[in-house]
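One structure is given below, encoded as C-alpha cells.
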Amino acid sequence: MSGNPLDKRYAVLGAMLIAPTVLIFCAVIVYPLVSALYLSLFTIFTPTLRGSFIGLGNYAYLVNSPEFWRSLWNTLLWTVCTLTLQIVFGVAAALMLHQNIVFRSLARSLILFPYFVSTVVAVLVWRWLFNDLYGVMNHLMLMAGLIKMPLDWLGSMPNAMISIILVGAWKYFPFVVIAVLARLQTIPDALYEAAKIDGAGAWSRFVDITLPQLRDVLVVVVLLRAIWDFKEFDLIYLLTGGGPIIATQTLPLMVYKDAFGLNDMGRASAVAVSMMLVMLSFMVLYLKLAGRGERESQP
Amino acid sequence: MKTLAGRIAFNLFAWTVVLVTAFPLIWMILTSVKPQFELFRIPPTFWPEQITFEHYVRLIYETPFLKYMRNSLILGFTTTIVVVVVATLGAHSLVRFRYPGRERLAQMVLFTYLLPSVVLILPLYLMMVWLGIANTIFSLVIAYTTFALPYALWLLRSFMQGIPDDLEAAALVDGATRMEAFVDVILPQALPGIISTSLFTFILAWNEYLYALVLVNTDEARPLTTGVMSMLVSAFNIEWSLLMAASVMMSLPLIIIFAFLQKYLTRGFGAGGVKG
C-alpha cells in the first residue's frame, strides 16, 4: 500500500474514527481483563462483595484441588472428542454437499441450521429427545435392539459425557462444513481431470488432491474450534449442569459455580485466569497464522 | 456416479444424512403441534394424529413469553445499532487510514474476539453493580459489545478491504473531503457488508445466554434465552410441547434472517476462519 494517495495527513481523522472503538474496548475488555487478574488475588464473598487480599493463595489452592484438575481434564476430554467428531463429520458433509444432489441449497440450509439456532433451543430439543420415559432416542435404540433398558442419557456416567460430546458435535460441525465447502469450491477442476487421465481412483484423488488443498483451512478451523469448544459454557451447563456431581464440569462451569454457587469471586477469577493461560497458546498460534494469511493476501 | 442408479443411490444417501441431521429440529416442530396427551404414547407417533396450536396460544396468553420477546428484540436491535455504527467507523479507519499502531490494533481486535466470556464476566458484573445498572437491558447491551464489537469490526474490515482504493481516490481528486468520500463512496459500496454484519450481530445477541444469566435476574429485563430456560426450571411438571412451541417461536427470526443471508453465509460465520 505504499503508493496510496490517501496519505498520512489524515492520521488525526483516522484516529478520531477509531476512537469510539478504542474507548469501548478499554472499558469493557481491557479493564475487565486486568481486573480479573487483580480479583484473583483476593477472596471475595459474592453477596456482600467484601474481600481481603490473599496474594497467590487462590492459585495455591487450585494446584492442590482435585476438583480443578478434574475440571481441566473434563475440558480437554470434551474439547478433543467433540472437535474430532466435528472435523470428521464436517469434512464428510462438505464433500457430500459439494456434489450435485437434488435441492442442494435446501440440503445445505438444513445442514447449517443447527449452528444458527440458539444453544437454548438446541438443548431443549435434545433434552426432550433424551427424555428417559418418552424420549425418541431411547425408543429408537430399544427398537433397534441396541439396548435392553431405557438409558439415563444425562444423569449418569459415562453417558452424560458422551451425550454432551454428541450434542456439541451436532451443534458445531456446520461451522466446519461452511469453511471446507468454501475452500472446495476454489479447487480447480483441472487438477481432478489430470488425475483421472493418469488413472487415479476416487480415493486416491481425495487423498492426493483434496486433502492437501484443504490442509490450510483445516488447520485454521481446528484452532478456532478448539478455542471455542474449550470455553463452551451454555451447552454443557444447560444439558448436564456439570453433573452427575462434577463428572462433566468443565473449567467455565467451575468459574460460574465458584462465583455464584460457592460465592467466592476471587477463586472463580483465579480459575478463569488459569483457564485463559491454557488457552493462550492456541490463541497466539491462531493469531500468528491469521497474520500470515493476511500478509499473503494483501497486494 | 456415472450411472443413473449410482446417482439415485447417492442422492438417497445424501438426503438421509441431511434429514437425520435436521431431525431434532423437525421433531421440535412436530412436538409443538401435538396435543399434550399424544406425547406420552409408547411408541411415540411421528406425524401428529391431531394438529393443535393450543400451545402457541397458551405461550402468548399465559406465560411471560411476549415480555421476554420484547426484551430480546430491544436488546438485539440496540446492540446491533450501537455495534455496527461504531464498527463501521472503526473498520473504515483500520482499512483506509495510516497511523502508528494500526496493525497492532487490528491484531488486538482478533485477540479479543477469541477471549472467553467467563474471564470478563466477573469484573463486568462488579462494574454493573457499581454503576447501579445491574438487572437492566442496558447492562446487557454493554456486556454484548464485548463479543459483538470485535466480531463486527473484523467482519466489516474484511468487507471493506474488498473495496478498491481508487474509488475513494477519484472522489478526493474531484474535491470531496475524506468524510464526504466516506459517506458518498465508501458507505454505498459497503452497504451489503454492513447489512449482513448487522444481521449476524443480531443473531449473536439474540442467542446469547451466559451474560443474560449472570447480569439479569428479573422478568422485566430477561431476554428469551434465560426466560425460556426459567420456564423449564420453574415448571412443576415439564410441558414439553409448550417448550417446543417456545423454541419454534424463538427460532423464527433466525429462519427469516437465514433466508436473506444464503449467499453471505460463508463470509459471515466463517469470518476469522476463512478469509472472505
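The values are calculated or read from the model by the stated rules, or taken from the named source; none is laboratory data. Every value quoted in this text rests on a predicted model; they were computed, and no experiment measured them. Glycine also receives a Cβ, built like all others from the backbone with ideal geometry; neighbour counts cover every protein chain displayed.
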Quiz item: If you scan the range A:185-203, which residues turn out to be of a type outside the set (A, V, I, L, M) and either over 23 Å from A:PHE89 (Cβ atoms) or assigned to a loop (DSSP other than H, G, I, E, B) (or both)?
Solution: A:GLN185, A:THR186, A:PRO188, A:ASP189, A:TYR192, A:GLU193, A:LYS196, A:ASP198, A:GLY199, A:GLY201
Practice problem: Select, from A:VAL284, A:VAL221, the only residue that is farther than 14 Å from B:VAL118 by Cα, surrounded by 24 or more Cβ atoms within 10 Å (Cβ to Cβ) and assigned by TED's automatic domain parsing to the domain that holds A:PHE89. | Solution: A:VAL221
Self-check item: Yes/no for A:PHE233 being among the hydrophobic types (A, V, I, L, M, F, W, C), under 21 Å from the mean Cα position of the chain (by Cα), within 11 Å of chain B (Cβ to nearest Cβ) and surrounded by 20 or more Cβ atoms within 10 Å (Cβ to Cβ)
Solution: yes
Self-check item: Identity of the residue in the range B:31-53, crowded, with 17+ Cβ neighbours inside 10 Å and hydrophobic (A, V, I, L, M, F, W, C), that ends up farthest from A:GLY135 (Cα to Cα)
Solution: B:VAL33
Exercise. Working only within the range B:185-197, note down all residues that are surrounded by 15 or more Cβ atoms within 10 Å (Cβ to Cβ) and of a type outside the set (Ser, Thr, Tyr).
Key: B:VAL185, B:ILE186, B:GLN189, B:ALA190, B:GLY193, B:ILE194
Quiz item: Regarding B:PHE13, is this residue away from chain A (no Cβ under 13 Å) and either of a type outside the set (Asp, Glu) or in a loop (DSSP other than H, G, I, E, B) (or both)?
Solution: no
Practice problem: Identify the residue in the range B:2-22 that is surrounded by 15 or more Cβ atoms within 10 Å (Cβ to Cβ) and within 20 Å of A:VAL91 (Cα to Cα) and, among all such residues, is farthest from the chain's Cα centre (by Cα). | Solution: B:PHE10
Quiz item: Considering A:LEU85, A:LEU72, which residue is touching a Leu at 6+ places or on another chain (Cβ under 8 Å), farther than 28 Å from A:GLN185 by Cα, assigned to a helix (DSSP H, G or I) and more than 7 Å from chain B (Cβ to nearest Cβ)?
Solution: A:LEU72
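Conditions tested, residue by residue: (1) touching a residue at least 24 places away in the same chain (Cβ under 8 Å); (2) farther than 26 Å from A:MET254 by Cα; (3) over 19 Å from the mean Cα position of the chain (by Cα).
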site	(1), (2), (3)
B:ARG58	yes, yes, yes
B:TYR68	yes, yes, no
B:VAL82	yes, yes, no
B:THR88	yes, yes, no
B:PHE97	no, yes, yes
B:ARG102	no, yes, yes
B:LEU114	no, no, no
B:ILE121	yes, no, yes
B:TRP154	yes, yes, no
Quiz item: Out of the residues in the range B:19-65 that are aliphatic (A, V, I, L, M) and outside any helix (DSSP H, G or I), which is farthest from the other protein chains (Cβ to nearest Cβ)?
Solution: B:ILE51
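Here's the yes/no breakdown for (1) part of a helix (DSSP H, G or I); (2) surrounded by fewer than 16 Cβ atoms within 10 Å (Cβ to Cβ):
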residue	(1), (2)
A:VAL28	yes, no
A:TYR31	yes, yes
A:ILE44	no, no
A:THR79	yes, no
Quiz prompt | Complete set of residues in the range A:165-185 that are facing chain B (nearest Cβ under 8 Å) and closer than 15 Å to A:ASP234 by Cα | solution = A:TRP170
Quiz prompt | Pair list, Cβ < 7 Å and 6+ apart or interchain, from the range A:120-136 residues that are among the hydroxyl-bearing types (Ser, Thr, Tyr) to residues that are at pLDDT below 95 | solution = A:TYR134/B:LEU39; A:TYR134/B:PHE40; A:TYR134/B:PRO44
Quiz item: Out of (1) hydroxyl-bearing (Ser, Thr, Tyr); (2) assigned to a helix (DSSP H, G or I); (3) at the interface with chain A (Cβ under 7 Å from one of its Cβ atoms), the odd one out for B:TYR99 is which?
Solution: (2)
Exercise. Take the range B:157-172 and flag every residue that is assigned to a helix (DSSP H, G or I), more than 8 Å from chain A (Cβ to nearest Cβ) and surrounded by fewer than 18 Cβ atoms within 10 Å (Cβ to Cβ).
Key: B:ASP166, B:LEU167, B:ALA170
Quiz item: Of all residues in the range B:213-248, how many are assigned to a helix (DSSP H, G or I), within 17 Å of B:LEU75 (Cβ to Cβ) and more than 10 Å from chain A (Cβ to nearest Cβ)?
Solution: 2
Self-check item: B:THR79 being at pLDDT 90 or above and under 23 Å from B:SER230 (Cβ atoms)
Solution: yes
Quiz item: Consider B:VAL86 against the criteria (1) assigned to a helix (DSSP H, G or I); (2) exposed (fewer than 15 other Cβ atoms within 10 Å of the Cβ): it satisfies all of them except one. Which criterion is unmet?
Solution: (2)
Practice problem: For the range B:116-156, enumerate the residues that are farther than 26 Å from A:TYR38 by Cβ and at pLDDT below 90. | Solution: B:TRP154, B:LEU155
Quiz item: Can you pull out the residues in the range B:173-184 that are surrounded by 16 or more Cβ atoms within 10 Å (Cβ to Cβ) and assigned to a loop (DSSP other than H, G, I, E, B)?
Solution: B:ALA176
Quiz item: All but one of (1) facing chain A (nearest Cβ under 8 Å); (2) assigned to a helix (DSSP H, G or I) hold for B:ILE74; which doesn't?
Solution: (1)
Practice problem: Of all residues in the range A:54-69, count the ones that are free of Cβ contacts under 8 Å to residues at least 12 places away in the same chain and in contact with a Leu (Cβ under 8 Å, 6 or more places away or on another chain). | Solution: 0
Quiz item: Can you name the condition, by its number, that A:SER52 falls short on among (1) more than 7 Å from every other protein chain (Cβ to nearest Cβ); (2) in a helix (DSSP H, G or I); (3) of a type outside the set (D, E, K, R)?
Solution: (2)
Self-check item: Candidates A:LEU146, A:LEU140, A:LEU133 - the one that is loosely packed, with under 15 Cβ neighbours inside 10 Å, part of a loop (DSSP other than H, G, I, E, B) and within 10 Å of chain B (Cβ to nearest Cβ)
Solution: A:LEU133
Quiz prompt | A:ALA179 being in contact with a Gly (Cβ under 8 Å, 6 or more places away or on another chain), in the same structural domain as A:ASN100 (by TED's automatic domain parsing), at pLDDT 85 or above and among the small types (Gly, Ala, Ser) | solution = yes
